Amino acid sequence: MPISHAHIRTVTTVYLDAHPEEKRDLEPVFGLLDTAGEITSRKEMRGHVTAGAILLDADGRVLHLHHNALGKWLLPGGHVEDTDTTLAEAALRELIEEAGLEGAAISLVHPEPVHIDIHPIPANPAKDEEDHQHIDYRFMFRLDRDADVTLQEEEVSGYAWKNVDVIEDDTLRNRVLAYL
């Protein structure tokens, strides 16, 4: 059973209770939920939910992956699947898939997202996708022990452990720094 609208609404509401200054930015999420659109489907081109992971190593560095589709260094993450039951579970699954890490080596820092970001995604003719919006629920994880990264080469072509200060989004960077 896919992630429910009720779960998305609850996670978003709890997040906004902690970050009320972002209410205006996240109004589109509630609009999509209220119109009964399938916000978890990548076919919903008004905007759909994705799940991202911020993985910190023992030195406080963040895992970045070079994503093939966009040709950029990004944090791990991607589309939710019908088998995901929570947003945090989807973020962990994406992290494990893309980086090839063992789930036992990773722990969730906090059950709520550290950041929710709405950002544009360009059209991808190879996937027959028009430009659209991703509503990215980002969760923070910690690498609890050494583990080898084994890339999912269909989607990513490189990895690097980078200092937190390279995170481009000011809000996300400041929240990760506050955790550290």
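Taking a ≥ b ≥ c as the square roots of the eigenvalues of the Cα gyration tensor, an a/c ratio of 1.5 or more together with a/b larger than b/c marks the range 1-118 as prolate. Within the accessible area of the range 57-180, what % is carbon and sulfur when the probe is 1.4 Å and the other protein chains stay in place? That fraction is 47 percent.
Taking other residues whose beta carbon is less than 15 angstrom from the beta carbon of residue 5, and scoring Lys, Arg as +1 and Asp, Glu as -1, yields -3. Over the chain, dividing the summed -39,500 (n - 2.57) contributions of all DSSP H runs of at least 4 residues by the number of residues returns a 222 nm mean residue ellipticity of -8500 deg cm²/dmol. A Förster distance of 30 Å, applied to the separation of the beta-carbon atoms of residue 161 and residue 79, puts the FRET efficiency at 0.75.
What separates the Cα centres of the range 78-136 and the range 146-178 is a distance of 13 Å.
Using the alpha carbons alone, the radius of gyration of the range 67-161 stands to its Kirkwood radius in an Rg to Rh ratio of 0.96.
Per-residue surface analysis assigns residue 127 an accessible area of about 110 Å², computed on protein heavy atoms at 1.4 Å probe radius. Annotation for the range 133-170: trypsin sites (Lys or Arg not before Pro) lying in DSSP loop with at most 15 further Cβ atoms inside 10 Å of their Cβ are 145. Please build a GNM for the chain, connecting alpha carbons under 10 Å apart, and tell me which residue among 49, 114, 14 fluctuates the most. Looking only at 49, 114, 14, the biggest GNM fluctuation is shown by 14. Residues in the range 106-119 carry Karplus couplings, in order, of 10, 10, 6, 6, 8, x, 9, x, 7, 6, 10, 10, 10, 9 Hz; the curve used is 6.51 cos²θ - 1.76 cosθ + 1.60 with θ = phi - 60°, and Gly or Pro positions show x. Simple point charges give the picture: +1 on the Cβ of Lys and Arg, -1 on the Cβ of Asp and Glu, and for the range 21-180 a dipole about the Cα centre of about 340 debye. What shape does the range 22-85 have by the C-alpha gyration tensor, where a ≥ b ≥ c are the square roots of the eigenvalues, rounded means a/c under 1.5, and otherwise prolate means a/b greater than b/c and oblate the rest? In terms of gyration-tensor shape, prolate.
The region of the chain that goes longest without hitting one of the GluC sites (Glu not before Pro) in a DSSP loop, each with at most 14 other Cβ atoms within 10 Å, is 39-101. What you get for the range 5-66, charging only the Cβ of Lys and Arg (+1) and of Asp and Glu (-1), is a dipole of about 240 debye around the Cα centre. Remark: the range 57-113 carries 44 Å² of accessible area per residue (probe radius 1.4 Å; ligands, DNA and RNA excluded). Sorting 4, 157 by accessible area puts them as 157, 4; the probe is 1.4 Å, largest comes first, and only protein heavy atoms count. Under the shape rule built on the C-alpha gyration tensor, where the axes satisfy a ≥ b ≥ c, the range 69-108 is oblate, since a/c reaches at least 1.5 while a/b does not exceed b/c.
The values are calculated or read from the model by the stated rules, or taken from the named source; none is laboratory data. Quantities reported herein were computed from a predicted structural model and do not represent experimental measurements. Glycine also receives a Cβ, built like all others from the backbone with ideal geometry; neighbour counts cover every protein chain displayed. Calculation scope for accessible area: heavy atoms of the full protein, side chains included, ligands and nucleic acids excluded. Shrake-Rupley method; radii C 1.70, N 1.55, O 1.52, S 1.80 Å.
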